[in-house]
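Some notes on the structure that comes next.
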Amino acid sequence: MSSASEYCPAYAPFLGFAGAGSAMILSAFGAAYGTAKAGVGISGIGQFRPDLMMKALIPVVMAGIIAVYGLVVAVLTANSLPPTNYSAFTGYVHLASGLATGFSGIAAGYAIGIVGDACVRGYMYQPKLFVGMVLILIFAEVLGLYGLIISLILNTKANNNCQ
């Protein structure tokens, strides 16, 4: 018969907090990269075609949504952290959940930044490129959404049972 401390070690809450932190930090990093990279293209287009600026802001808005995915997972994880009896299994689930959202947020932000920069610059010369740009940005955004879905599924498996 095992003691409760075997299933609920003292380091288990650290895993949960690390999951919440990594979801927020890594997703925000991906969003920041996407915003910065797309912003370079937008500032380039603003000098020559200021009339296209509002449509060119779409990549920046979509990059910002990536950080919201990390915020959702971080809040869900932090709200399910009890002050006592936090199992190692739940800690590892929360860590995996945060890393899934965080790394998919980095990938999505990177893709949105590259596509946003290139397509906004191309949109300046060929307005027909706008629909293709939006479609590619949607597919890049879905990468972050996949991480959020995996995190939500993982969070439903966390049972916090110390026996």
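The values are calculated or read from the model by the stated rules, or taken from the named source; none is laboratory data. Keep in mind it's a predicted model, so treat the numbers as computed, not measured. Here the Cβ is made from the backbone with ideal geometry for all residues, glycine too, and neighbour counts use every protein chain on show. We work out accessible area using only protein heavy atoms, side chains counted, and drop any ligands, DNA or RNA first. Shrake-Rupley method; radii C 1.70, N 1.55, O 1.52, S 1.80 Å.
Out of every Cα pair in region 1-73, what percent are spaced more than 20 Å from each other? Value for region 1-73: 52 percent of Cα pairs lie more than 20 Å apart.
As a fraction of the 1.4 Å probe accessible area of region 1-49, surface on carbon and sulfur atoms comes out at 71 percent. If the chain linking LEU145 and TYR125 were pulled fully straight, counting 0.36 nm for each residue of separation and taking away their Cα-Cα distance, it would gain 4.1 nm. In the frame of its principal axes, the chain has Cα extents of 73, 21, 18 Å, reported largest first.
What FRET efficiency would be calculated for the residue pair ASP51, VAL75, taking the C-beta separation as r and a Förster radius of 30 Å, to the nearest 0.05?
Details: r = 40 Å, r/R0 = 1.32.
With a Förster radius of 30 Å, E is 0.15.
Here the gap between TYR92 and ASN161, fully extended at 0.36 nm per residue and compared with their Cα-Cα distance, gives a gain of 23.5 nm. Accessible surface calculations at 1.4 Å, restricted to protein heavy atoms, place the chain at 52 Å² per residue. Between the beta carbons of PHE14 and LEU152, assuming R0 = 30 Å, the FRET efficiency works out to 0.85 to the nearest 0.05.
For the chain, what does the helix formula give at 222 nm: sum of -39500 (n - 2.57) over DSSP H segments with n ≥ 4, over the residue count, nearest 500 deg cm²/dmol? Mind showing how you got there, number by number?
Values: 6 runs with 134 residues, N = 163.
Calculated at 222 nm, the ellipticity per residue is -28500 deg cm²/dmol.
Judged by a Cβ-Cβ distance under 4.7 Å, the unpaired cysteines of the chain are CYS119.
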